[in-house]
Amino acid sequence: KGPDPDLIAIEERMATVKHKILVLSGKGGVGKSTFAAQLSFALAEQDKQVGLLDIDICGPSIPKMLGLEGQEIHQSNLGWSPVYVEDNLGVMSIGFMLPDPDEAVIWRGPRKNGLIKQFLKDVYWGELDYLVVDAPPGTSDEHISIAQYLKATNVDGALIVTTPQEVSIIDVRKEINFCKKVGIPVLGVVENMSGIQQPISSFIFKKIAEDGKEEDVTEETLKSLQMHSPHLLSLFASTEIFHVSGGGAEKMAHEMHVPFLGKVPIDLELSKAAEEGRSCFTDPKCKSSASALQRIIEKL
Ligand code: ADP
């Protein structure tokens, strides 16, 4: 049996892509696509040439998270053309191919594998600094083929997103073992929805409001805070949201000898930015999540 022509075609196509990063999660709903989308925005804002490939075939949320709903893919003689957010940020998703976004994609393994293969060999990205691949959750059939194809392209490795609860972390352990088995390096684990951060000043004002003397004291307190301890106004307090029995993602990463990249808090403004297809890095309201994401991205 000779060399697999598909693998050769994928290798050739990916030869113009410097870095390939796979974004994985054990479960759905942990923020994997949000992370993949914001990572792509961040890299593009650093003037990198970026492609975002959504192969979460059953739940493609990338078009919405990039503000590209309703767009369509075009064909050229070079291949399928991605849909561009900016000149340096192109996106490819099965979401662009579905006539009705509410329609369920009920495909069996071979058809899904076929499309993933096509995405990898037929999309014309041109020269890219980064290709971010948003994979489906879990370790299903698709993952084995993605792993096989991506390995042929010298993938940098996988980033694994989880929430802090043990139920999510159990599946991340499986995901890490999967990566080890198929030979894809784990670049690190990100803990998302990790508590909520609120400015300390909001607690102070709340306390005053509960006392029933909101107006008078608020102004006075604010002035005195600004004068004597301005740093207090920029301090954040972190509150846990979930019961974390097993020590969270950091402990798990340590036990499994993979890097822990950091925690991203629950942030209403981040979910708003994601919902509206915007970058959180250019929105000052996303301060708590954007700075956490930035610190994680700097480690890559
Ligand atoms: P997954 O890709 O793992 O299925 P998504 O990225 O689609 O998960 O996220 C699920 C939902 O959670 C989305 O509505 C998203 O806006 C929201 N979300 C993700 N991360 C956060 C966060 N840190 N703070 C608030 N909402 C978040």
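The values are calculated or read from the model by the stated rules, or taken from the named source; none is laboratory data. This structure is a prediction, so every number in the text was calculated from the model and none was measured. So basically every Cβ, Gly included, is an ideal-geometry build from the backbone, and we count neighbours across all protein chains shown.
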Any hit, the range 256-272, residues being small (G, A, S) and in contact with a helix residue (DSSP H, G or I) (Cβ under 7 Å, 6 or more places away or on another chain): yes
Which one is nearest to the ligand (Cβ to nearest atom), of the residues in the range 287-300 that are of a type in the set (A, V, I, L, M) and in contact with a helix residue (DSSP H, G or I) (Cβ under 9 Å, 6 or more places away or on another chain)? L293
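Quick check: anything in the range 16-37 part of a helix (DSSP H, G or I), surrounded by fewer than 23 Cβ atoms within 10 Å (Cβ to Cβ) and either assigned by TED's automatic domain parsing to the domain that holds G183 or within 16 Å of the ligand (Cβ to nearest atom) (or both)? Working first, answer last.
From the range 16-37, those part of a helix (DSSP H, G or I) are 16, 32-37; that's our starting set.
Then keep just the ones that are surrounded by fewer than 23 Cβ atoms within 10 Å (Cβ to Cβ); that gives 16.
Narrowing the set further to residues that are either assigned by TED's automatic domain parsing to the domain that holds G183 or within 16 Å of the ligand (Cβ to nearest atom) (or both) leaves 16.
Yes, the range 16-37 has at least one match.
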Single condition Y84 does not satisfy, out of (1) of a type in the set (S, T, Y); (2) in contact (Cβ under 8 Å) with a residue 24 or more places away in the chain; (3) touching a strand residue (DSSP E or B) at 6+ places or on another chain (Cβ under 9 Å): (2)
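State whether the residues of the range 38-55 include one that is acidic (D, E), more than 16 Å from the ligand (Cβ to nearest atom) and in a loop (DSSP other than H, G, I, E, B).
yes
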Of (1) aromatic (F, W, Y); (2) at pLDDT 95 or above; (3) over 26 Å from E298 (Cβ atoms), W107 satisfies every one except (2)
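Can you give me the ranges of the helices (runs of 4 or more DSSP H) entirely in the range 218-286 with at least 1 residues that are in contact (Cβ under 8 Å) with a residue 60 or more places away in the chain, away from the ligand (no atom under 16 Å from the Cβ) and assigned by TED's automatic domain parsing to the domain that holds T163?
In the range 218-286, 248-255 are the helices (runs of 4 or more DSSP H) which contain 1 or more residues that are in contact (Cβ under 8 Å) with a residue 60 or more places away in the chain, away from the ligand (no atom under 16 Å from the Cβ) and assigned by TED's automatic domain parsing to the domain that holds T163.
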